[in-house]
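For reference, the structure discussed in these notes is given below.
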Amino acid sequence: MNKKTLLVEIGTEELPAKELRKIAEELFKQISLQLNFLNLYYENIYWFATPRRLAIKVNNVSIFQPNYIVEKKGPSVKDAFNSDGSITLATKMWANNNKIPISEIDILNTNKGNWVIYRKETIGKHISLLLPSIINNSLKNLSKFKFMRWGSNDLQFIRPIHTISILLDDKLIINNVLGITSSKIIHGHRFMGDKEITLNHANEYPQILLKKSKVIADYDKRKKIILDNINNIAVKLGGVIKFDNELLEEVTSLVEWPVIMFASFRKEFLNIPNKILVYILQNNQKYFPLYDNNDNLLNKFIFVTNIISSDPEKIIFGNEKVLNARLKDVNFFLKNDRKKPLEKNLPILNSVVFHKQLGSLLDKTYRIVILTEYIAIKINANVKEAMRAGLLSKCDLITDMVSEFADIQGIVGMYYALDDGESENVANALKEQYKPRFTDDNIPVNSIACTLAIADKIDTIVGMFGIGQLPKGDKDPLALRRAAFGILLIIINNKLKLNIKNIIQKSMTTYNNCINNKNTFNNVIDFMFNRLKTLYIKLGYKVDILNAVMLSNPIPMYPIDFDARVQAISNFIDLNGSNELITANKRVVNCLSQSHGTINSHVNISLLTIKEEIELNSHLVNLNIKLKPYFLDSRYEDALIELINLKKYIDNFFDKVMINTDDVDIRNNRLTLLSQLRNLFLQIADLSLLQ
């Protein structure tokens, strides 16, 4: 048979639960790409994942590559041959470097030119010879996840690897992957069933794990079992579950054989603020809180274990005991913290170091207050509330609650602020100042929250750059990249009219003598624009469009202006006439770059003598006047549509007007006309960069 089942299973130590699905899906993607690249056709491909394994199963995969043509392109024909038809030195070097017989080179004719080329049919390889590179390359391409070393060697992976199994039907493919030789033995459940299982055929997977060792390798099947059982128990208890998908994914990633149970905690703990109580249940204990039909939290919860117990009551009692003890501590922390208003913590911040070169948390607080005032004025937010939020922003960091549960910083501040009688805007800002914390996290929308979130993040970025601690490679002190993304997303999504340059400059003034990096301003500007570009690439925008906007004049220091230009060009390139205008723009740029004349400050009308240059100048002058309100209102797409009308005048100019005339004054005047034309386009973007 020419088609078989391929199985690859990697047995590991416990993989990071919050990333298990992403890791498995990325491995699936990488192996799919490798198979497609090598033209190894298959019917379908599946991924499996548990806390201690990653697996890929490919059904009906071709065991042989089809024969394929290898092509190597050489010099252009004009550079490949001398005038007498003999080959040039460049061609000889290309042929020698690629071990190509001169007699076997051919000519490739294209619309863009003619080239010498070498083509050779290559016999396809058996899949067993390709699997080592397929698997190793796929694993290396998982490097966006954090790798670790283990043992005395330099091998790295997400977690230490214990087993590798690579089967093609019933045949074991002998291969060494990250120091482990493949075998037919895989590990079962840690506590139930067979500890080791021998695979005789790839088609046995994953059923054999279920049958012999109570391991449900199918991630989505495991998730559905958890979901269905939790819902069934909730109905029996007369309650409702508000599913947090992040928690559901994490719990699915923590178990191989899910067993769902329910328990309760003491009713007195329902007095704990709901958000804090739910946080403890979900984030610390991995429990699913239960609500009644009126959305009130009940003193019951559902949890998932990884083992069938002969004494389930003991497990339930143990979970209740741990939770009640934890909630007792929470009650104590709350009572202790509430002995004084949040603002009374302000002086204590002076004893807490923000950064040894940037001062204390109190120093940071005072800088934030100055920035919140500045930003609030710029976006027409309530200045008094913004400054109040800035003053209280770090006061919850030294509470007992945050000291014990660091992830609820901000949430604690919100509850304590409301308890102190602060306004809802101020309290909400304390909660949302750290957002967005991760990809797809909510973004502050309230103007006070936006003000505080931006002020906090720009202060950290400017401070770290000011002492020369810039992000490099995988090192990112204080998560500066995430902070930059946060600032940009808040500004763009809320359409805030904020100038990045001005915010950076204002932040620098608050640091007094702390900043010792003379290039701080330029470094931060470059960093923010690189993050802006990366953000739009992730959103699916073309790199050439982003580069075109980046090189506009003036450079858009307002993120919402950058967004408006990107949106305008993205829409414009689909319109009739856009390609012709882009081509005309490239002609202008090429002409200016190849000429060596002098560009004057304005066009001398008396030196315009030819009809086509007079017409181009006239339309250019009129458009400069007409488009001013367009640019002021960021109506860039409308402006581009108006500019399409210039295309015929630009073409006529190039067809009828000689630019490099012997008359220096006339030549410089014509170059000045083209320069002013280019400057008009640059008020939107450098269209010459568009592909």
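The values are calculated or read from the model by the stated rules, or taken from the named source; none is laboratory data. These figures come from a predicted structure and were not determined experimentally. Every residue, glycine among them, receives a Cβ derived from its backbone with ideal geometry; neighbour counts consider all protein chains shown. SASA here: full protein model, heavy atoms, side chains in, ligands and nucleic acids out. Shrake-Rupley method; radii C 1.70, N 1.55, O 1.52, S 1.80 Å.
Out of segment 39-83, which residues are of a type in the set (A, V, I, L, M, F, W, C) and at pLDDT below 80?
Matches in segment 39-83: 69, 70, 77, 80.
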Could you run through segment 648-680 and say how many residues are under 14 Å from residue 580 (Cβ atoms), crowded, with 18+ Cβ neighbours inside 10 Å and in contact (Cβ under 8 Å) with a residue 60 or more places away in the chain? 1
Residue list for segment 501-557, filter: open to solvent by 60 Å² or more (accessible area, probe 1.4 Å) and either touching a strand residue (DSSP E or B) at 6+ places or on another chain (Cβ under 6 Å) or among the basic types (Lys, Arg) (or both): 501, 506, 518, 538, 542
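So, residue 473, is that one under 21 Å from residue 527 (Cα atoms) and crowded, with 24+ Cβ neighbours inside 10 Å or not? Explain how you work it out, then say what you get.
On the way: under 21 Å from residue 527 (Cα atoms): yes; crowded, with 24+ Cβ neighbours inside 10 Å: no.
When the stated conditions are applied, residue 473 does not pass them.
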Is there a residue in segment 453-471 that is hydrophobic (A, V, I, L, M, F, W, C), farther than 20 Å from residue 367 by Cα, at pLDDT below 95 and assigned to a helix (DSSP H, G or I)? no
Given (1) among the polar types (S, T, N, Q); (2) more than 23 Å from residue 457 (Cβ to Cβ); (3) touching a residue at least 24 places away in the same chain (Cβ under 8 Å), identify the lone condition not met by residue 345. (2)
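Quick check, is residue 483 touching a Lys or Arg at 6+ places or on another chain (Cβ under 8 Å), over 15 Å from residue 381 (Cα atoms), aliphatic (A, V, I, L, M) and open to solvent by 10 Å² or more (accessible area, probe 1.4 Å)? Write out each step before concluding.
On the way: touching a Lys or Arg at 6+ places or on another chain (Cβ under 8 Å): yes; over 15 Å from residue 381 (Cα atoms): yes; aliphatic (A, V, I, L, M): yes; open to solvent by 10 Å² or more (accessible area, probe 1.4 Å): yes.
Here the answer is yes, as residue 483 does meet what is asked.
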Within segment 399-413, count every residue that is open to solvent by less than 20 Å² (accessible area, probe 1.4 Å), of a type in the set (A, V, I, L, M, F, W, C) and out of contact with any Gly (no Cβ under 9 Å at 6 or more places or on another chain). 4
For the subset of segment 366-387 comprising residues that are closer than 12 Å to residue 447 by Cα and touching a Leu at 6+ places or on another chain (Cβ under 8 Å), which member is surrounded by the most Cβ atoms within 10 Å (Cβ to Cβ)? 386
Among the residues of segment 432-452, count how many are open to solvent by less than 40 Å² (accessible area, probe 1.4 Å) and assigned to a helix (DSSP H, G or I). 6
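Tell me yes or no: at least one residue of segment 140-156 is surrounded by 19 or more Cβ atoms within 10 Å (Cβ to Cβ) and within 36 Å of the chain's Cα centre (by Cα).
Within segment 140-156, the subset surrounded by 19 or more Cβ atoms within 10 Å (Cβ to Cβ) is none.
No, every residue in segment 140-156 fails to be surrounded by 19 or more Cβ atoms within 10 Å (Cβ to Cβ) and within 36 Å of the chain's Cα centre (by Cα).
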Residues in segment 210-245 that are in contact with a strand residue (DSSP E or B) (Cβ under 7 Å, 6 or more places away or on another chain) and open to solvent by 70 Å² or more (accessible area, probe 1.4 Å): how many? 2
